[in-house]
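The values are calculated or read from the model by the stated rules, or taken from the named source; none is laboratory data. Computed from a predicted structure; not experimentally measured. As a convention, Cβ positions derive from the backbone with ideal geometry for all residues, glycine included, and neighbour counts pool all protein chains shown. Only protein heavy atoms, including side chains, enter the accessible area calculation; ligands, DNA and RNA are left aside. Shrake-Rupley method; radii C 1.70, N 1.55, O 1.52, S 1.80 Å.
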Amino acid sequence: MTKPSEARKLRIVQWATGTVGAAAMRAVLTHPEMELVGVKVYSPAKEGKDAGALCGMPPTGIKAVRDLASVLALKPDCVLYMPELTDYDDVCALLENGINISSTRAEFFHPGSMEPMIRARIEAACRNGGATLHSSGSSPGFITEALPLVLLSLARRLDLLTIDEFANCIDGCSEEMLVGIMGFGETAEAFARRPFYERDEVFNHSLRALAEAVGIDIERFEVSSEVALAKRPVKLHESTIPAGSVAGQRMVTTGYRGGTPVMRFRCNWFVTEELDPAWDLRGDGWRVTVEGDTPLDISIGFPIPHADRQTTLPNLTAHRPVNAVSSICAAPPGILTTGSLPSVVARLG
């Protein structure tokens, strides 16, 4: 593929238009160096709808399609690939046709953690099409890779990096995500039987990418989790979960080097702060602590008015993949991690 020149706008297709996909599409439509040329959807109800209607923007004249062939025919420079599930046939078809991919999908954070046959297939597609694939987001992504790379540039010895995430999930997640995927509202017993392979693995993959970038060998990860129950009924978007059901979940993954913890991510996800047992919670945001020869303690909060939360919080995940597009399009073919991708710079205005 001939990489686009700076003389024209980058042609973008938005693939999937859920909460994050719609936020990404709004960002593309207002980006000074990008042009939205297509939208790929899965729902028959969305097929044929104007892109603007799908993301709360004025009409664009761009109609949503459901088939891969229509996307390929547009010959975009990059696809913002943000479906709920990854289809490797679609991914490889895009790459083999010279279309770069900027994604939020967890499978691509760390190539070394991918299933070897799938990795080989995707890398071959990248080579054959001269295309590049990169995955990012807010968490995992920015908080587990991009920001720590900058913070650790101050250090020469790392003893322990700890990332705590706090998120009231209602405004940032759809009803299906909250109930169907995350399991809020279930009994503790039913929740314990749920497999959370992606949740447990994706942060390991992201931390491995970070460790690899700074030259640390992670021997193994240990994952633990616990839940807290709602003290009283909690209204989500459409449904209300009962008192005594799961309303808080905490997952901790710890990477070991030489038998000693060296990297840790701890998520505190909840739909109410009235939990049993009571947890020490903060408002939405992160706390990052670095122990070593250059200790740091950094807190990041999101000062978003309540009325704006549902439209603003998805930007945290959507905007970094959008901002990475120009670097991805200019990069050599292959699967790139945050450490191997040139700097992601937001062109604002």
Just checking, does segment 120-141 include any residue being within 26 Å of GLY259 (Cβ to Cβ) and modelled with pLDDT under 95? yes
Just wondering, is there one or more residues in segment 184-191 that are in contact with a strand residue (DSSP E or B) (Cβ under 9 Å, 6 or more places away or on another chain), open to solvent by 30 Å² or more (accessible area, probe 1.4 Å) and more than 24 Å from GLU238 (Cβ to Cβ)? no
Of (1) part of a helix (DSSP H, G or I); (2) out of contact with any strand residue (DSSP E or B) (no Cβ under 8 Å at 6 or more places or on another chain); (3) open to solvent by less than 10 Å² (accessible area, probe 1.4 Å); (4) in contact (Cβ under 8 Å) with a residue 24 or more places away in the chain, GLY98 fails just (1)
Under 9 Å between Cβ atoms, which residue pairs at least 6 apart in sequence (or on different chains) link something in segment 334-349 that is farther than 21 Å from GLU96 by Cβ with a partner that is acidic (Asp, Glu)? THR337/GLU145; THR337/GLU212; THR338/GLU145; GLY339/GLU145; GLY339/GLU212; ARG347/GLU33
Residues in segment 105-123 that are out of contact with any Pro (no Cβ under 6 Å at 6 or more places or on another chain) and open to solvent by 30 Å² or more (accessible area, probe 1.4 Å) total 10
Does GLU226 satisfy the criteria of being open to solvent by 70 Å² or more (accessible area, probe 1.4 Å) and either assigned to a helix (DSSP H, G or I) or basic (Lys, Arg) (or both)? no
Looking only at residues in segment 83-95 that are among the charged types (D, E, K, R) and either within 20 Å of the chain's Cα centre (by Cα) or buried (at least 22 other Cβ atoms within 10 Å of the Cβ) (or both), which one is nearest to ARG199 (Cα to Cα)? GLU84
Pairs where the first residue, in segment 235-250, is without any contact (Cβ under 8 Å) to a residue 40 or more places away in the chain and the second is surrounded by fewer than 13 Cβ atoms within 10 Å (Cβ to Cβ) and in a loop (DSSP other than H, G, I, E, B), C-beta under 8 Å, 6+ apart: ALA243/ARG232
Which of (1) of a type in the set (Ser, Thr, Tyr); (2) open to solvent by 60 Å² or more (accessible area, probe 1.4 Å); (3) in contact with a Phe, Trp or Tyr (Cβ under 8 Å, 6 or more places away or on another chain) does SER245 not meet, given it meets every other one? (2)
What pairs come out if I take residues in segment 289-307 that are closer than 17 Å to THR144 by Cβ and pair them with residues that are open to solvent by 90 Å² or more (accessible area, probe 1.4 Å) and basic (Lys, Arg) whose C-beta lies under 9 Å away, six or more apart or interchain? SER299/ARG282
Filter result for LEU160 (more than 30 Å from ALA307 (Cα to Cα), in contact with an Asp or Glu (Cβ under 7 Å, 6 or more places away or on another chain), at pLDDT 95 or above and not in a helix (DSSP H, G or I)): yes
Condition met for VAL202 (closer than 14 Å to MET251 by Cα and surrounded by 14 or more Cβ atoms within 10 Å (Cβ to Cβ)): yes
I'd like to know if segment 128-142 contains one or more residues that are over 19 Å from the mean Cα position of the chain (by Cα), open to solvent by 20 Å² or more (accessible area, probe 1.4 Å) and of a type outside the set (Val, Ile, Thr). yes
